[in-house]
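Worksheet: one structure, shown below.
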Amino acid sequence: MNIRNRRLEKAAFSMRTSMRLLTSAATVFLIAVGFTGCASSKDAHASLAADSPPQPYMRVSRPDSNTVVLQIAARRFVPAKGRGPVVWLTGASHIGESNYFAALQRHLDTQGLVLVEGVGGKNKKVRFEPDEEVSIQHKMAASLGLVFQLSAINYDRPHFRNSDLTIAQLQQLLTSGAATNRTGGGASTRAGEEFQQLLQVMDGSSFLGTLLHAGLKLIGSSPKLQALTKVMLIEMLGQLKGDMSQLKGVPPEIQQLLEVIIRERNKVVFEDLKAELRSVNPPRSISVFYGAGHMADLEKLLRDELKYRPLDEVWLPALSVNTRTAGLSNVEMEMMRGLIQWQMEALQP
């Protein structure tokens with residue numbers, strides 16, 4: 001009995017340590033799902049009924065008792081009536097396995113036009129600079145033995161187009177309160193402050209950013225802690241449903257920050273999409289390539305305003321963990337899932 005208690009205490013300590021290290025990083029990452037940046041079918045490709053309700057773009061797959069996988073959807077839409085280009089809503093996880101990004105690249109390279117996110121991009125063709133490698137997302141990917149989207153995807157394609165707000169435009173929206181704000185005028189200023197802090201965390205220039213970088217380095221030094229962190233991310237992201245900008249249980253300034261990061265940027269890419277659809281010679285297919293957190297709102301706009309309907313979807317495995325190989329016990333897994341379930345239920349819309 002004493003041996004079992006010691007094992008439970010050791011597992012609990014490991015879990016608490018992991019959760020402390022991950023909580024701040026996960027908060028940044030969940031926002032970054034919209035910033036840069038479930039039961040499952042055995043088939044990667046599946047048809048959808050025309051009247052099927054909107055479904056999440058992230059899900060957890062368990063192909064066997066020891067493996068957990070985060071899958072991200074690319075969903076194809078066609079006009080409900082008449083003719084028009086095919087529109088893909090291609091969700092992205094900003095960190096993942098190299099095979100995931102290779103599959104994404106193959107998909108995107110078959111499109112007539114790809115509208116990509118790229119906050120900070122200097123023009124409509126080139127969107128990112130070499131110093132992206134210092135970002136918290138790049139560090140998180142490296143610490144988990146994964147790769148970062150901006151390093152893995154080749155954006156130097158003639159049919160890729162930056163379709164996003166700039167940092168200055170985001171700052172203006174947040175400080176002016178121009179975005180939809182149901183939480184009161186005081187949240188606007190605080191949301192602007194949160195955005196500045198987020199930028200500093202992501203580039204490592206703040207004290208919290210420094211702590212996160214140190215925590216990620218510690219995670220990367222332990223294969224078991226690395227695997228546990230990946231499982232936590234998979235479980236957390238797989239439980240996100242619907243529009244991320246409508247998460248409850250968060251402070252008003254964070255909710256407004258999410259609304260701007262997701263909805264205001266979605267307005268930009270949606271206007272670009274409408275312009276392409278109205279053009280004399282539109283592309284045969286258009287893919288909107290944004291973080292998966294953007295897709296619920298974009299799908300609603302696509303269905304309601306443009307009268308497009310879902311046709312089919314492809315689910316791509318972004319990251320996976322074999323818990324047995326990683327040495328994660330059933331006790332650790334049960335404790336972790338219980339903690340995440342409790343935390344995520346408080347955030348659902």
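The values are calculated or read from the model by the stated rules, or taken from the named source; none is laboratory data. All values derive from a computational prediction rather than experimental measurement. All Cβ positions, glycine included, derive from the backbone under ideal geometry; neighbour counts span all protein chains shown. We work out accessible area using only protein heavy atoms, side chains counted, and drop any ligands, DNA or RNA first. Shrake-Rupley method; radii C 1.70, N 1.55, O 1.52, S 1.80 Å.
Residue-wise HN-Hα couplings along the range 225-231, as the Karplus relation 6.51 cos²θ - 1.76 cosθ + 1.60 with θ = phi - 60° gives them from phi, are 5, 4, 5, 4, 5, 5, 4 Hz; Gly and Pro carry x.
Ranked by the mean number of other Cβ atoms within 10 Å per residue, highest first, peptides 273-284, 324-335, 156-167, 107-118 order as 107-118, 156-167, 324-335, 273-284. Tell me which of 298, 285, 266 sits at the most positive position along the dipole axis of the range 237-334, charges placed on C-beta atoms (Lys, Arg +1; Asp, Glu -1). Comparing the listed Cα positions along the dipole, 285 ranks first. Of 52, 287, the order by accessible heavy-atom surface (1.4 Å probe, DNA, RNA and ligands excluded), from most exposed downward, is 52, 287. Distance between the 7 Å Cα→Cβ label points at residue 304 and residue 102: 4.1 nm.
Distance from the Cα centroid of the range 77-92 to that of the range 307-339 is 28 Å (rounded to whole angstrom).
Modelled spin-label separation between residue 109 and residue 222, with each label point placed 7 Å from Cα along the Cα-to-Cβ direction: 4.0 nm.
Does the range 258-320 come out rounded, prolate or oblate, given a ≥ b ≥ c as the square roots of the eigenvalues of its C-alpha gyration tensor, rounded meaning a/c under 1.5 and, failing that, prolate meaning a/b above b/c? It comes out oblate by the Cα gyration axes.
Proximity of backbone amide H atoms, modeled 1.01 Å from N, is registered between residue 114 and 160, 161, 287 at under 5 Å, excluding neighbours fewer than 5 places apart on the same chain. The accessible-area ordering, largest first, of the residues 337, 303 stands as 337, 303, per a 1.4 angstrom probe. Label separation (residue 48 vs residue 311): 1.2 nm, computed from points 7 Å beyond Cα along the C-beta direction.
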